[in-house]
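One structure is given here, and the rest of the page talks about it.
The values are calculated or read from the model by the stated rules, or taken from the named source; none is laboratory data. Everything numeric in this text was worked out from a predicted model, so none of it was measured. Glycine gets a Cβ as well: all are built from the backbone with ideal geometry, and neighbour counts include every protein chain shown. Side chains are part of the model used for accessible areas, which takes the heavy atoms of the whole protein and leaves out ligands, DNA and RNA. Shrake-Rupley method; radii C 1.70, N 1.55, O 1.52, S 1.80 Å.
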Amino acid sequence: MIVGNGAIMLFETVSAGGCRSYVIGCEETCAAALIDPELGQIDRYLALAARHGLRIRYLIDTHTHADHFSATQQLARQLGVPVVMHSASPAPFVDLRLQGGELLVIGRLRLQALHTPGHTRDSMCLCVEDRVFTGDTLLIGGTGRTDLPSGDAAALYESLFEGVLKLDPSLKVFPAHEYKGRSHSTIGQELAENPRLQKGDRGAFIEMMQTLNLTMPTHVTEALRTNMTGGKTVAQMLSEAAATVPFMSLRQLQACLESRTGDLIVLDVRERDAFEEGHIPGARLLPRGQLELRVNEELTDPTRRILVCCEFGRVSTLATATLRQMGFQGAVALDGGMKAWREAGYAVKAGKEE
């Protein structure tokens, strides 16, 4: 697409559920920026950049997301490029903090930040040529909610009616979320058709936003924790642990139990009540929460082969990674957990340890 200053802007939208991410690039210089990347779509972003011959220079979050996990921190480590957010962002891993009105130079493109608090304190919109990336400030047919941490209905009113909605009516609107498959809107269309924007009176708008009674996003606590602090998601921790441990299949474990050969220890890391309801015959109980404190007295031979199991296979993966870090190189995790073991029809014994 030809833009105002003569540069050609390369543009891609990545949809994942209701989340929208955007790749914008300057064809002449191959410089690009990635806006609101989501953790589960990293390979797609890199593939798109490669297809267009682009080098991502900036990783931008329009605000602290509460409904999905941002990929900016992981991509920053992978690509060696800065994470960009508004200066009000609490995230400690942000490299470049923008004030309203400041620009990012992306080849011959100029991306301008507009501070738009309301959905969150650190919300910003980004204008480049004929379009504006509105994050969760302005959605197609809606607005961002204001009932999450740092949300403020009065601030959102000001950001919309004294800021975004005074932009050129022909500007194309590309939000961070869209659930009905629409590619974009315009400022003019939103002014005319968006139901929430018909509440032009400040008090009426604030009252409307405060009485929406919306359901909480899935994983809201985890998303805020990781996006605000740079901490890891549970899925990341499980993925990293799984990459460092071997697994044993249900069938292989059954064969080992039937042969009664070798010195395999079956270690159940669930809580006692779950263990006593039903466990693999001959298993030992060592709850995950006590693993580090009791491992020396319970597992006296670090050369033994240890099969670790739990209910679904997740806690046992983390426990196995911990054991291997502690020197138990014979530790392996059961692929599937006790739920899969029961469903496969293998023997289960109730009661206490033998």
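Phi angles of region 320-337 translate, via the Karplus equation with coefficients 6.51, -1.76, 1.60 and θ = phi - 60°, into HN-Hα couplings of 5, 4, 4, 4, 5, 5, 7, x, 7, 6, x, 7, 9, 9, 6, 7, x, x Hz per residue; Gly and Pro are given as x. For the chain, the antiparallel share of DSSP beta bridges with both residues in that region comes to about 55%.
With n ≥ 4 as the cut-off for DSSP H runs, can you work out [θ] at 222 nm for the chain, using -39500 (n - 2.57) per run divided by the number of residues, rounded to the nearest 500?
Working: 12 runs with 106 residues, N = 354.
Calculated from helices alone, the mean residue ellipticity at 222 nm is -8500 deg cm²/dmol.
Considering every alpha-carbon pair of region 198-354, the percent of pairs per 5 Å bin, from zero through the bin containing the longest distance, is 1, 8, 15, 17, 16, 11, 7, 5, 4, 3, 3, 4, 3, 2, 1, 0. Spacing of the modelled spin labels on residue 273 and residue 50, each 7 Å from Cα toward Cβ, amounts to 5.0 nm.
Close amide H partners of residue 138, meaning residues 5 or more places away or on another chain with modelled amide H under 5 Å apart, are 144.
Average 1/r across all pairs of distinct alpha carbons in the chain, invert it, and you get the Kirkwood radius: 23.2 Å.
Put 338, 228, 237 in order of accessible area, largest first, 1.4 Å probe: what do you get?
Values: 338 0, 228 70, 237 95 Å².
Largest to smallest exposure gives the sequence 237, 228, 338.
Surface composition of the chain: carbon plus sulfur atoms hold 50% of the accessible area, using a 1.4 angstrom probe and ignoring ligands, DNA and RNA. Could you work out how far helix 250-259 tilts from the main Cα principal axis of the chain, as a 0 to 90 degree angle to the nearest 10? Helix 250-259 sits roughly 10 degrees off the main axis of the chain.
With all protein chains kept in place, the per residue accessible area of the chain amounts to 46 square angstrom at a probe of 1.4 angstrom.
If each residue of separation counts as 0.36 nm, what is the full-extension length gain between residue 43 and residue 179 once their alpha-carbon separation is subtracted? Write down the numbers at each step before the final one.
Working: separation 136, 0.36 × 136 = 48.96 nm, distance 2.24 nm.
Between residue 43 and residue 179, full extension yields 46.7 nm more.
Straight-line cross-link reach from residue 232 at under 19 Å between alpha-carbon atoms covers these aspartates and glutamates, not counting any fewer than eight positions away in the same chain: 36, 38, 43, 61, 67, 95, 222, 240.
Which whole-number percent gives the relative contact order of the chain, counting Cα pairs below 8 Å spaced six or more residues apart? List each step's numbers first, then the result.
Working: 715 pairs, mean separation 41.2, N = 354.
With pairs under 8 Å counted, the relative contact order is 12 percent.
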